[in-house]
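Let me begin by presenting the structure, written as structure tokens, before commenting on it.
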Amino acid sequence: QKEVEQDPGPLSVPEGAIVSLNCTYSNSAFQYFMWYRQYSRKGPELLMYTYSSGNKEDGRFTAQVDKSSKYISLFIRDSQPSDSATYLCATLSGGYNKLIFGAGTRLAVHP
Amino acid sequence: DTEVTQTPKHLVMGMTNKKSLKCEQHMGHRAMYWYKQKAKKPPELMFVYSYEKLSINESVPSRFSPECPNSSLLNLHLHALQPEDSALYLCASSQGPGNYEQYFGPGTRLTVT
């Protein structure tokens, strides 16, 4: 079983839609959960992080962690074509030295 | 300045060549990383340098040789690579080891012929 599972998509939505991206993880010891965004031919960039359980909001983006079900979510409200990218969930492992990524979900927002 | 720079952007090399990838950051970060990313896959960790010392080697073949000459620079020396080593090589840095916020460079797209 992979430590972080993520549906690779692709996911195609119309502009303005609410997007829900999800991951599950296997190790209950994980505490830090991140979402990275990667545009085509670029390196990943940190979008949001949460520590332990709960919600975190930043503009149109909301990150959510449910430790009881080992579920991580990213919601994008009022999605824009510029949100078209691959979204990677990640957690820290190995004494916090290692980022473990999910497979990444390719999102396309069409006008 | 939150930029990590990588050179070259693209590299084509034969299986008998020796080449090097370079990464630089001027954010005062003390942890630096090399990742390998194949098409439509997530980045895979190769090496971690913490305070200029190699702290993690993810069982990477010896044809990849990392080097950290100083706190701002990270090199990846390549020798006798295989075609399956063709990938995007990403460098990243973070304030310290174990920091969740890693800053990635744009990567070097490597093709081994």
Sparse-neighbourhood loop hits (trypsin sites (Lys or Arg not before Pro), segment A:40-111; DSSP loop; Cβ within 10 Å at most 13 others) -> A:Arg41, A:Arg77
Any aspartates and glutamates with Cα under 15 Å of the B:Lys9 Cα? List them, leaving off those in the same chain fewer than 8 positions away. B:Glu24
Considering amide H positions built from the backbone, and no H for Pro or chain starts, which residues 5 or more places from B:Ser86, or on another chain, come under 5 Å of its amide H? B:Val112
What does the charge add up to near B:Ala80, with Lys and Arg as +1, Asp and Glu as -1, over the other residues with Cβ less than 14 Å from its Cβ? +1
With a 1.4 Å probe, how much accessible area is buried between chains B and A, both sides summed, in Å² to the nearest hundred? 1700 Å²
If you average the alpha carbon positions of segment B:1-62 and of segment A:1-23, how far apart do those two centres end up, in angstrom? 28 Å
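Evaluate the relative contact order of chain B (contact order divided by residue number), counting alpha-carbon pairs under 8 angstrom at least 6 apart; express in whole percent.
The value is 37 percent.
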What translational diffusion coefficient, in µm²/s and rounded to a whole number, does the Stokes-Einstein relation yield for the protein assembly as shown at 4 °C and a viscosity of 1.567 mPa s, taking the hydrodynamic radius as the Kirkwood radius over Cα pairs? 72 µm²/s
Quantify how much of the Cα-Cα distance distribution of chain B extends past 17 Å, in percent. 49 percent
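Looking only at segment A:5-111, where both bridge partners belong to it, what percent of the DSSP beta bridges are antiparallel (to the nearest 5)?
If we restrict to bridges inside segment A:5-111, about 90 percent are antiparallel.
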Count neighbours as other Cβ atoms within 10 Å of each site's Cβ, and list the trypsin sites (Lys or Arg not before Pro) in segment B:5-113 that are DSSP loop with at most 11 such neighbours. B:Lys9, B:Lys40
Give the list, by residue number, of cysteines in chain B with no other Cys Cβ closer than 4.7 Å, or say none. B:Cys68
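Report the net charge of residues surrounding A:Asp66, where surrounding means a beta-carbon distance below 15 angstrom and charges are Lys +1, Arg +1, Asp -1, Glu -1.
Details: positive: A:Lys56, A:Lys67, A:Lys70; negative: A:Glu5.
Computed value for this residue: +2.
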Mean separation of Cα contacts under 8 Å, 6 or more apart, over the residue count of chain A: relative contact order %: 36 percent
Just the accessible area for B:His26, please: 1.4 Å probe, Å², rounded to the nearest 10? 120 Å²
Gaussian network model of chain B, Cα within-10 Å springs - most flexible of B:Ser72, B:Ser62, B:Ser86: B:Ser62
In whole percent, the fraction of accessible protein surface over the protein assembly as shown that belongs to carbon or sulfur atoms, probe radius 1.4 Å, stands at 48 percent
When we measure straight from the Cα of B:Lys41, which aspartates and glutamates land under 20 angstrom away, once same-chain ones fewer than 8 places off are left out? A:Glu3, A:Glu5, A:Asp7, A:Glu45, A:Asp83, B:Glu58, B:Glu84, B:Asp85
With DNA, RNA and ligands ignored, accessible area of B:Glu44 (1.4 Å probe; Å², nearest 10): 110 Å²
Quick calc, chain A, dipole around Cα centre from Cβ unit charges on Lys, Arg (+) and Asp, Glu (-), nearest 20 debye, gives 260 debye
List the GluC sites (Glu not before Pro) in segment A:6-87 that DSSP assigns to loop (not H, G, I, E or B) and whose Cβ has at most 16 other Cβ atoms within 10 Å. Which are they? A:Glu15
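The values are calculated or read from the model by the stated rules, or taken from the named source; none is laboratory data. Because the structure is predicted, anything quoted here is derived from the model rather than measured. All Cβ positions, even for glycine, are placed from backbone atoms using ideal geometry, and neighbour counts span all protein chains on display. Note: accessible area is taken over every heavy atom of the protein model, side chains too, but ligands, DNA and RNA are not part of it. Shrake-Rupley method; radii C 1.70, N 1.55, O 1.52, S 1.80 Å.
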